[in-house]
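The values are calculated or read from the model by the stated rules, or taken from the named source; none is laboratory data. The model shown is predicted, which means the values in this text are computed figures rather than measured ones. In this analysis, Cβ positions are derived from the backbone assuming ideal geometry, glycine residues included, and neighbour counts consider all displayed protein chains. The area values use the complete protein model at the heavy-atom level, side chains included, leaving out ligands, DNA and RNA. Shrake-Rupley method; radii C 1.70, N 1.55, O 1.52, S 1.80 Å.
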Amino acid sequence: MTAALDAAPGYAARRTLPLRIEAVRQLRRRRTQVVAALLIALPFVVAAAFAVGGQPGGDSEAGTLLDTATASAANYAATCLFLATGFLLVVPVALFCGDTIASEANWSSLRYLLAAPVPRARLLGVKLAVALLFSAAAMAVLPLVAFGLGTVAYGWSPLELPTGGTLPAGEATGRIAIAVAYAFVSQLVTAALAFWLSTVTDAPLGAVGGALGLTIVGSILDAITALGDWREFLPAHWQFAWADALQPEVEWGGMIRGASVSVAYAIVLFALAFRHFRTKDIVS
(Lines give C-alpha, C1' and ligand atoms only; values in the text may rest on other atoms or scores of the structure.)
Protein backbone atom coordinates (compact mmCIF):
# COMPACT_ATOMS: atom_id res chain seq x y z
CA MET A 1 0.00 0.00 0.00
CA THR A 2 2.80 2.42 0.92
CA ALA A 3 4.74 1.60 -2.23
CA ALA A 4 1.63 2.17 -4.34
CA LEU A 5 1.05 5.54 -2.73
CA ASP A 6 4.67 6.55 -3.20
CA ALA A 7 4.32 5.66 -6.88
CA ALA A 8 1.04 7.59 -7.31
CA PRO A 9 1.52 10.67 -9.50
CA GLY A 10 1.66 13.88 -7.45
CA TYR A 11 1.58 12.19 -4.06
CA ALA A 12 4.15 13.25 -1.47
CA ALA A 13 3.74 12.48 2.21
CA ARG A 14 5.31 15.79 3.22
CA ARG A 15 2.57 17.69 1.37
CA THR A 16 -0.30 16.06 3.23
CA LEU A 17 -2.02 18.01 6.02
CA PRO A 18 -0.14 21.31 5.47
CA LEU A 19 0.97 23.03 8.66
CA ARG A 20 -0.71 26.28 7.63
CA ILE A 21 -4.06 24.60 7.05
CA GLU A 22 -3.98 22.89 10.42
CA ALA A 23 -2.97 26.13 12.17
CA VAL A 24 -5.84 28.08 10.57
CA ARG A 25 -8.25 25.29 11.45
CA GLN A 26 -7.21 25.35 15.10
CA LEU A 27 -7.23 29.15 15.20
CA ARG A 28 -10.89 29.20 14.21
CA ARG A 29 -11.94 26.86 17.00
CA ARG A 30 -13.98 28.33 19.83
CA ARG A 31 -11.69 26.97 22.55
CA THR A 32 -8.73 28.84 21.04
CA GLN A 33 -10.67 32.08 21.09
CA VAL A 34 -11.83 31.51 24.68
CA VAL A 35 -8.27 30.83 25.87
CA ALA A 36 -7.02 33.98 24.12
CA ALA A 37 -9.80 36.04 25.70
CA LEU A 38 -8.94 34.74 29.19
CA LEU A 39 -5.24 35.48 28.80
CA ILE A 40 -5.96 38.96 27.46
CA ALA A 41 -8.45 39.64 30.25
CA LEU A 42 -6.16 38.69 33.15
CA PRO A 43 -3.96 41.83 33.09
CA PHE A 44 -7.09 44.01 33.07
CA VAL A 45 -8.59 42.06 35.98
CA VAL A 46 -5.37 42.42 38.00
CA ALA A 47 -5.14 46.14 37.20
CA ALA A 48 -8.75 46.59 38.28
CA ALA A 49 -7.97 44.78 41.54
CA PHE A 50 -5.09 47.17 42.21
CA ALA A 51 -7.30 50.15 41.36
CA VAL A 52 -9.95 49.00 43.82
CA GLY A 53 -7.69 47.70 46.57
CA GLY A 54 -4.96 50.30 46.38
CA GLN A 55 -1.31 50.15 45.42
CA PRO A 56 0.70 47.14 46.65
CA GLY A 57 3.79 47.40 48.82
CA GLY A 58 4.74 50.57 50.55
CA ASP A 59 8.52 50.82 50.68
CA SER A 60 11.53 50.53 48.37
CA GLU A 61 12.75 47.28 49.94
CA ALA A 62 9.87 45.11 48.88
CA GLY A 63 10.60 41.43 48.83
CA THR A 64 8.14 40.05 46.24
CA LEU A 65 7.03 40.82 42.72
CA LEU A 66 3.55 41.68 43.99
CA ASP A 67 4.99 44.43 46.19
CA THR A 68 6.45 46.18 43.14
CA ALA A 69 3.68 45.34 40.66
CA THR A 70 2.71 48.92 39.87
CA ALA A 71 6.23 50.37 39.81
CA SER A 72 6.51 50.10 36.01
CA ALA A 73 5.22 48.29 32.96
CA ALA A 74 8.00 45.70 33.33
CA ASN A 75 7.09 45.10 36.97
CA TYR A 76 3.46 44.67 36.02
CA ALA A 77 4.26 42.20 33.24
CA ALA A 78 6.46 40.16 35.60
CA THR A 79 3.70 40.17 38.22
CA CYS A 80 1.10 38.90 35.75
CA LEU A 81 3.48 36.15 34.66
CA PHE A 82 4.01 35.21 38.31
CA LEU A 83 0.27 35.05 38.97
CA ALA A 84 -0.38 32.90 35.90
CA THR A 85 2.53 30.46 36.17
CA GLY A 86 1.01 28.22 38.82
CA PHE A 87 -2.11 27.21 36.90
CA LEU A 88 -3.43 29.57 34.23
CA LEU A 89 -0.55 29.01 31.81
CA VAL A 90 -0.79 25.26 32.32
CA VAL A 91 -4.38 25.17 31.05
CA PRO A 92 -3.80 26.30 27.42
CA VAL A 93 -0.80 23.98 27.10
CA ALA A 94 -2.81 20.98 28.31
CA LEU A 95 -5.77 22.03 26.18
CA PHE A 96 -3.92 22.57 22.92
CA CYS A 97 -1.81 19.41 23.25
CA GLY A 98 -4.45 17.16 24.80
CA ASP A 99 -7.03 18.07 22.18
CA THR A 100 -4.87 17.06 19.20
CA ILE A 101 -5.63 13.44 18.35
CA ALA A 102 -8.40 12.72 20.85
CA SER A 103 -10.65 15.40 19.34
CA GLU A 104 -10.28 13.91 15.86
CA ALA A 105 -11.16 10.48 17.25
CA ASN A 106 -14.10 11.97 19.15
CA TRP A 107 -15.41 13.55 15.96
CA SER A 108 -14.89 10.26 14.07
CA SER A 109 -12.66 12.09 11.59
CA LEU A 110 -9.34 10.49 12.51
CA ARG A 111 -9.74 7.47 10.24
CA TYR A 112 -10.66 9.73 7.33
CA LEU A 113 -7.51 11.79 7.83
CA LEU A 114 -5.43 8.62 7.74
CA ALA A 115 -7.33 7.41 4.68
CA ALA A 116 -6.61 10.69 2.85
CA PRO A 117 -3.86 9.32 3.15
CA VAL A 118 -1.89 11.23 5.79
CA PRO A 119 0.98 9.13 7.23
CA ARG A 120 0.62 8.62 10.96
CA ALA A 121 3.98 10.16 11.78
CA ARG A 122 3.13 13.15 9.60
CA LEU A 123 -0.26 13.56 11.30
CA LEU A 124 1.29 13.48 14.77
CA GLY A 125 4.13 15.80 13.77
CA VAL A 126 1.86 18.46 12.31
CA LYS A 127 -0.62 18.24 15.18
CA LEU A 128 2.17 18.51 17.74
CA ALA A 129 3.90 21.40 15.97
CA VAL A 130 0.67 23.42 15.83
CA ALA A 131 -0.17 22.60 19.46
CA LEU A 132 3.27 23.76 20.63
CA LEU A 133 3.04 26.87 18.45
CA PHE A 134 -0.30 27.83 20.00
CA SER A 135 1.04 27.04 23.48
CA ALA A 136 4.01 29.34 22.92
CA ALA A 137 1.68 32.05 21.62
CA ALA A 138 -0.45 31.70 24.76
CA MET A 139 2.68 32.17 26.87
CA ALA A 140 3.57 35.34 24.95
CA VAL A 141 0.12 36.94 24.85
CA LEU A 142 -0.14 37.49 28.60
CA PRO A 143 3.11 39.47 29.15
CA LEU A 144 2.62 41.40 25.90
CA VAL A 145 -0.82 42.59 26.97
CA ALA A 146 0.49 43.28 30.47
CA PHE A 147 3.34 45.35 29.02
CA GLY A 148 0.91 47.41 26.96
CA LEU A 149 -1.52 47.96 29.80
CA GLY A 150 1.30 48.56 32.28
CA THR A 151 2.85 51.21 30.04
CA VAL A 152 -0.44 53.12 29.94
CA ALA A 153 -1.27 52.67 33.63
CA TYR A 154 2.15 52.74 35.33
CA GLY A 155 4.58 54.15 32.81
CA TRP A 156 7.68 52.93 30.98
CA SER A 157 10.38 53.05 33.62
CA PRO A 158 13.10 50.77 35.07
CA LEU A 159 12.18 47.43 36.58
CA GLU A 160 12.37 47.52 40.37
CA LEU A 161 13.89 44.24 41.52
CA PRO A 162 12.29 42.51 44.50
CA THR A 163 15.78 42.03 45.98
CA GLY A 164 16.62 45.70 45.58
CA GLY A 165 18.03 47.77 42.76
CA THR A 166 16.67 48.38 39.29
CA LEU A 167 17.12 47.31 35.69
CA PRO A 168 16.74 49.66 32.70
CA ALA A 169 13.42 49.16 30.93
CA GLY A 170 15.08 47.83 27.77
CA GLU A 171 17.16 45.27 29.63
CA ALA A 172 14.16 44.33 31.76
CA THR A 173 12.19 43.54 28.60
CA GLY A 174 14.89 41.08 27.56
CA ARG A 175 14.92 39.51 31.02
CA ILE A 176 11.17 38.98 30.93
CA ALA A 177 11.52 37.45 27.47
CA ILE A 178 13.96 34.95 29.01
CA ALA A 179 11.44 34.27 31.77
CA VAL A 180 8.66 33.61 29.26
CA ALA A 181 10.90 31.32 27.20
CA TYR A 182 11.77 29.33 30.30
CA ALA A 183 8.11 29.17 31.35
CA PHE A 184 7.35 27.59 27.97
CA VAL A 185 10.18 25.06 28.25
CA SER A 186 9.09 24.16 31.78
CA GLN A 187 5.61 23.35 30.45
CA LEU A 188 6.91 20.91 27.82
CA VAL A 189 6.37 18.05 30.25
CA THR A 190 2.68 19.01 30.56
CA ALA A 191 2.47 19.32 26.78
CA ALA A 192 4.03 15.90 26.27
CA LEU A 193 1.83 14.28 28.91
CA ALA A 194 -1.33 15.74 27.37
CA PHE A 195 -0.18 14.74 23.87
CA TRP A 196 0.54 11.17 24.93
CA LEU A 197 -2.83 10.88 26.66
CA SER A 198 -4.47 12.24 23.50
CA THR A 199 -3.14 9.25 21.56
CA VAL A 200 -4.34 6.85 24.25
CA THR A 201 -7.93 8.03 24.72
CA ASP A 202 -10.71 9.12 22.38
CA ALA A 203 -12.02 11.61 24.96
CA PRO A 204 -10.41 15.09 24.67
CA LEU A 205 -11.51 16.05 28.17
CA GLY A 206 -9.87 12.90 29.50
CA ALA A 207 -6.53 13.83 27.94
CA VAL A 208 -6.71 17.46 29.04
CA GLY A 209 -8.04 16.64 32.49
CA GLY A 210 -5.51 13.87 33.00
CA ALA A 211 -2.61 16.18 32.17
CA LEU A 212 -3.95 18.91 34.46
CA GLY A 213 -4.62 16.44 37.25
CA LEU A 214 -1.14 14.93 37.16
CA THR A 215 0.39 18.41 36.99
CA ILE A 216 -1.54 19.38 40.11
CA VAL A 217 -0.42 16.18 41.82
CA GLY A 218 3.18 17.11 41.00
CA SER A 219 2.68 20.52 42.63
CA ILE A 220 1.21 18.88 45.73
CA LEU A 221 4.13 16.48 46.00
CA ASP A 222 6.57 19.36 45.61
CA ALA A 223 4.96 21.02 48.63
CA ILE A 224 5.81 17.99 50.79
CA THR A 225 9.17 19.04 52.19
CA ALA A 226 9.68 15.59 53.73
CA LEU A 227 10.56 14.36 50.24
CA GLY A 228 13.76 16.38 50.47
CA ASP A 229 15.99 16.27 47.40
CA TRP A 230 13.56 13.96 45.61
CA ARG A 231 11.48 17.04 44.83
CA GLU A 232 14.17 18.17 42.41
CA PHE A 233 13.03 15.42 40.05
CA LEU A 234 9.56 16.98 39.89
CA PRO A 235 9.01 19.51 37.07
CA ALA A 236 6.78 21.53 39.42
CA HIS A 237 9.75 22.14 41.69
CA TRP A 238 11.32 24.39 39.05
CA GLN A 239 8.26 26.15 37.62
CA PHE A 240 9.17 29.51 39.18
CA ALA A 241 12.87 29.28 38.41
CA TRP A 242 12.34 31.98 35.76
CA ALA A 243 12.39 34.49 38.64
CA ASP A 244 16.18 34.01 38.64
CA ALA A 245 16.22 36.06 35.45
CA LEU A 246 14.96 39.04 37.46
CA GLN A 247 18.16 39.46 39.44
CA PRO A 248 20.94 42.02 39.02
CA GLU A 249 22.80 39.21 37.21
CA VAL A 250 20.88 36.33 35.63
CA GLU A 251 21.26 33.14 37.64
CA TRP A 252 21.06 30.26 35.16
CA GLY A 253 21.51 27.29 37.50
CA GLY A 254 17.90 26.77 38.49
CA MET A 255 16.58 27.36 34.98
CA ILE A 256 19.07 24.91 33.47
CA ARG A 257 18.14 22.19 35.96
CA GLY A 258 14.42 22.86 35.54
CA ALA A 259 14.67 22.82 31.75
CA SER A 260 16.67 19.57 31.86
CA VAL A 261 14.03 17.85 33.99
CA SER A 262 11.16 19.07 31.82
CA VAL A 263 12.83 18.21 28.50
CA ALA A 264 13.88 14.76 29.74
CA TYR A 265 10.32 13.85 30.73
CA ALA A 266 8.96 15.40 27.53
CA ILE A 267 11.24 13.37 25.24
CA VAL A 268 10.13 10.12 26.87
CA LEU A 269 6.43 11.02 26.70
CA PHE A 270 6.60 12.24 23.10
CA ALA A 271 8.36 9.01 22.15
CA LEU A 272 5.63 6.99 23.88
CA ALA A 273 2.97 8.94 21.98
CA PHE A 274 4.53 8.25 18.57
CA ARG A 275 5.23 4.61 19.45
CA HIS A 276 1.69 3.98 20.66
CA PHE A 277 -0.01 5.75 17.76
CA ARG A 278 2.12 3.97 15.17
CA THR A 279 0.43 0.62 15.93
CA LYS A 280 -2.88 1.86 17.34
CA ASP A 281 -6.03 0.33 15.85
CA ILE A 282 -8.03 3.32 14.56
CA VAL A 283 -11.75 2.65 14.74
CA SER A 284 -13.13 6.20 14.95
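Hey, can you tell me all the residues within the range 145-173 that are aliphatic (A, V, I, L, M) and touching a residue at least 12 places away in the same chain (Cβ under 8 Å)? Result: Val145, Ala146, Leu149, Ala153, Leu159, Leu161, Leu167, Ala169, Ala172.
For (1) at pLDDT 90 or above; (2) among the β-branched types (Val, Ile, Thr); (3) touching a His at 6+ places or on another chain (Cβ under 6 Å); (4) closer than 14 Å to Ala146 by Cα, each residue gets a yes or a no:
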{"site": "Met1", "(1), (2), (3), (4)": "no, no, no, no"}
{"site": "Glu22", "(1), (2), (3), (4)": "no, no, no, no"}
{"site": "Gln26", "(1), (2), (3), (4)": "no, no, no, no"}
{"site": "Ile40", "(1), (2), (3), (4)": "yes, yes, no, yes"}
{"site": "Val90", "(1), (2), (3), (4)": "yes, yes, no, no"}
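Which of the residues that make up the range 85-136 are aliphatic (A, V, I, L, M), part of a helix (DSSP H, G or I) and open to solvent by 50 Å² or more (accessible area, probe 1.4 Å)? Correct list: Ala121, Leu133.
Would it be correct to say that Ala77 is over 25 Å from Ile267 (Cβ atoms), in contact with a helix residue (DSSP H, G or I) (Cβ under 7 Å, 6 or more places away or on another chain), at pLDDT 80 or above and surrounded by 24 or more Cβ atoms within 10 Å (Cβ to Cβ)? In short, yes. Taken together, the criteria exclude Arg175 from residues that are open to solvent by 10 Å² or more (accessible area, probe 1.4 Å), of a type in the set (D, E, K, R) and more than 16 Å from Ala73 (Cα to Cα).
Do you know which residues across the range 266-284 are farther than 16 Å from Ala181 by Cβ and touching a Leu at 6+ places or on another chain (Cβ under 8 Å)?
Taking the range 266-284 and keeping what is farther than 16 Å from Ala181 by Cβ, we get 267-284.
Selection gives Leu269, Phe270, Ala273, Phe274, Phe277, Ile282, Ser284.
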